[in-house]
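Since the structure comes first, as structure tokens, the remarks are kept for the end.
Values in this text are rule-based calculations from the coordinates and carry no lab data. Note that the coordinates shown come from a computational prediction; the quantities given were computed from them, not determined experimentally. Please note: Cβ atoms are built from the backbone with ideal geometry, for glycine as well, and neighbour counts cover all protein chains shown.
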Amino acid sequence: MNLTDAHKQQITKWLDEGLKVADVQKKMIAELGVTMTYMEVRFLLDDLRLKPKDPEPPKQPAVASPIAPASAGVPAPAAAGAPAGEVPPAAGPAPVGGVQISVDALARPGTVISGKVTFSDGQKADWYLDEMGRPGLVPAQKGYRPTQPDIIEFQELLQGELQKLGF
């Protein structure tokens with residue numbers, strides 16, 4: 001399909017306004033009467049040497065987020081009276097924002113990747129991503145539900161770990 005220079009200028013204007021490829025596709029249909037698949041629009045933008053603008057990331061206040069140390073899954077030396085191989089409980093409540101994650105060296109059966117998480121209140125759970133990319137959380141204490149801020153921090157830490165591992 002041949003586009004006029006006016007069509008090309010309009011598409012450029014939409015991209016300058018911050019529209020995404022899917023939005024440009026919809027506007028092309030609605031306003032220009034040009035029907036194209038998403039992929040055809042992508043190719044068109046590439047041919048025209050146009051790029052959608054990346055959205056500015058939302059500005060968030062600087063919050064120090066502790067990252068799980070590399071030895072997060074390794075048990076600490078047993079405290080006096082604690083069985084060998086167990087991590088002794090932390091003295092007092094964990095600080096807010098104290099979510100820590102670790103990645104298992106060997107993924108659980110039926111999963112692509114798995115690991116452990118300790119939430120800010122000290123509760124522990126196993127996490128995993130199944131072969132379809134669906135996440136799962138198996139708390140050690142039946143019925144436990146982490147707080148919303150802990151879930152958000154867990155997701156951010158997990159995303160960082162997955163990116164480090166090439167997922």
Honestly the stretch 5-47 on the Cα gyration tensor test (a ≥ b ≥ c root eigenvalues; a/c under 1.5 rounded, otherwise a/b vs b/c for prolate or oblate) is just rounded
Most exposed first, judged by fewest Cβ atoms within 10 angstrom, 14, 127 run 14, 127
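In what sequence do 157, 32 fall when counting other Cβ within 10 Å, fewest first? Before the final figure, lay out the partial values.
On the way: 157 18, 32 15.
Ascending number of Cβ neighbours within 10 Å: 32, 157.
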Between residue 111 and residues 5 or more places away or on another chain, the pairs with built amide H atoms under 5 Å apart involve none
For the stretch 100-164, Rg(Cα) over 2.2 N^0.38 Å is 1.05
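So if we plug the beta-carbon distance of residue 4 and residue 26 into 1/(1 + (r/R0)^6) with R0 = 22 Å, what FRET efficiency do we get, rounded to 0.05?
The formula returns an efficiency of 0.70 here.
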Between the modelled labels at residue 159 and residue 39 (7 Å from Cα along Cα→Cβ) the distance in nm is 2.8 nm
Here the gain from full extension of residue 16 to residue 51, 0.36 nm per residue of separation minus their alpha-carbon distance, amounts to 11.7 nm
A correct fewest-to-most ranking of 153, 131, 40 by other Cβ atoms within 10 Å would be 131, 40, 153
Per DSSP, the loop-located trypsin sites (Lys or Arg not before Pro) within the stretch 117-167 having at most 12 other beta carbons within 10 Å are 142
